[in-house]
Amino acid sequence: TEYTYILTEREQRVGIVILNRPKELNALNFQLVSELANALEEMDRDEAIGCIVLTGAGDKAFAAGADIKEMADKTPIEMMGAGFEAWQRIRKIHTPMIAAVNGYALGGGCELALHCDMIVASENARFGQPEIQLGIIPGAGGTQRLARVLGKYRTMEMVLTGATLPAQELAQLGLINRVVPVGEHLVEAVKLAQKVAKQAPLAARLAKEAVLAAFETSLEGGLDVERKNFFLLFSSQDMREGMQAFIEKRPAEFQGK
Ligand code: HXC
């Protein structure tokens with residue numbers, strides 16, 4: 001599929017999606033977010049892809065937020081109709097996703113990174129929710145996902161002042177998996193993705209779903225999802241193969257079945 005504002009690539013079992021409006025710091029206009037959802041769904045359906053890396057083109061930004069020039073004259077109804085449901089589609093991707101962040105991840109850009117399951121950032125990465133400075137608030141989950149990771153007080157400071165935080169500090173607070181030298185974010189993210197992509201694909205998807213349940217449901221509900229997914233995997237060929245390979249002291253060969 002041809003896209004205008006994103007690029008897609010493949011490295012073995014890893015799919016790579018690149019936000020590609022570098023002159024606008026990869027600002028997320030409505031078409032970009034919709035293309036992104038389409039590309040992610042396409043990769044999600046592709047059995048040859050076991051993990052997805054999401055990154056931004058250029059050396060300045062992952063994404064500097066929703067496109068302010070596009071939003072400036074919108075009404076609430078127009079915002080509702082303008083493809084905002086694409087965010088729900090991104091949220092529903094089953095394949096594990098890793099954000100490779102360089103430079104700014106602001107507003108919707110920060111929220112997009114938070115939609116990913118792991119975050120690799122270069123030393124110069126900065127995260128923030130500056131919406132308050134525009135007279136709005138985060139709209140793609142920033143208040144909720146930041147609060148669940150950073151707690152109330154740091155989230156309030158970010159959301160109420162719009163101040164950005166450096167990757168190093170956020171790594172200490174648990175929001176970032178790895179901080180790497182400038183220029184190495186994508187290589188490192190792909191390396192991490194390869195480790196995920198070589199696992200049994202069904203197990204990886206159901207593991208992702210179970211961990212997300214910890215953030216999206218009660219403990220009771222999350223434990224339910226975990227237990228059911230655990231039992232479900234005993235119907236897979238990969239489970240037989242994984243355990244047989246262990247017993248026979250050989251590497252497992254997973255088929256995604
Ligand atoms: C539209 C943007 C943009 C954005 C940058 N640009 N961010 N255009 N929407 N969010 C454009 C600039 O207008 C400029 O184009 C070009 O990209 C380069 O940006 P500069 O500002 O010249 O770069 P710099 O001086 O280095 O400053 C970088 C920056 C700043 C600090 C990141 O660009 C900035 O503050 N951007 C806005 C960040 C923000 O407020 N994000 C939240 C958006 S609201 P021209 O052609 O003018 O030179 C949001 C809501 C999400 O995300 C809701 C859910 C989806």
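The values are calculated or read from the model by the stated rules, or taken from the named source; none is laboratory data. Because the structure is predicted, anything quoted here is derived from the model rather than measured. Because the Cβ atoms are built from the backbone with ideal geometry, glycine has one as well, and the counts that use them run over all protein chains shown.
Checked against (1) touching a Gly at 6+ places or on another chain (Cβ under 8 Å); (2) hydrophobic (A, V, I, L, M, F, W, C); (3) part of a helix (DSSP H, G or I), Val190 passes all but condition (1). Across segment 109-121, the number of residues qualifying as touching a strand residue (DSSP E or B) at 6+ places or on another chain (Cβ under 6 Å) and surrounded by fewer than 24 Cβ atoms within 10 Å (Cβ to Cβ) comes to 3.
When the test is whether a residue is buried (at least 20 other Cβ atoms within 10 Å of the Cβ) and of a type in the set (Gly, Ala, Ser), Ala63 passes it. If the condition is being surrounded by 12 or more Cβ atoms within 10 Å (Cβ to Cβ) and part of a loop (DSSP other than H, G, I, E, B), then segment 166-184 contributes Leu173, Leu175, Ile176, Asn177, Val182, Gly183, Glu184. Residues that are buried (at least 20 other Cβ atoms within 10 Å of the Cβ) and among the aromatic types (Phe, Trp, Tyr) do occur in segment 123-136. For the condition farther than 30 Å from Val211 by Cα, of a type in the set (A, V, I, L, M, F, W, C) and more than 14 Å from the ligand (Cβ to nearest atom), Ile77 qualifies. Out of Ala207, Ala214, Ala203, one residue alone is assigned to a helix (DSSP H, G or I), surrounded by fewer than 18 Cβ atoms within 10 Å (Cβ to Cβ) and out of contact with any strand residue (DSSP E or B) (no Cβ under 9 Å at 6 or more places or on another chain). It is Ala214. Does Arg91 satisfy the criteria of being within 11 Å of the ligand (Cβ to nearest atom) and of a type in the set (Lys, Arg)? So Arg91 fails the test.
For segment 27-72, filtered to residues that are free of Cβ contacts under 8 Å to residues at least 40 places away in the same chain and acidic (Asp, Glu), the residue that is nearest to the ligand (Cβ to nearest atom) is Glu35. Considering (1) within 28 Å of the chain's Cα centre (by Cα); (2) modelled with pLDDT of 95 or more, say which one Glu216 fails and leave the rest. Answer for Glu216: the failing condition is (2).
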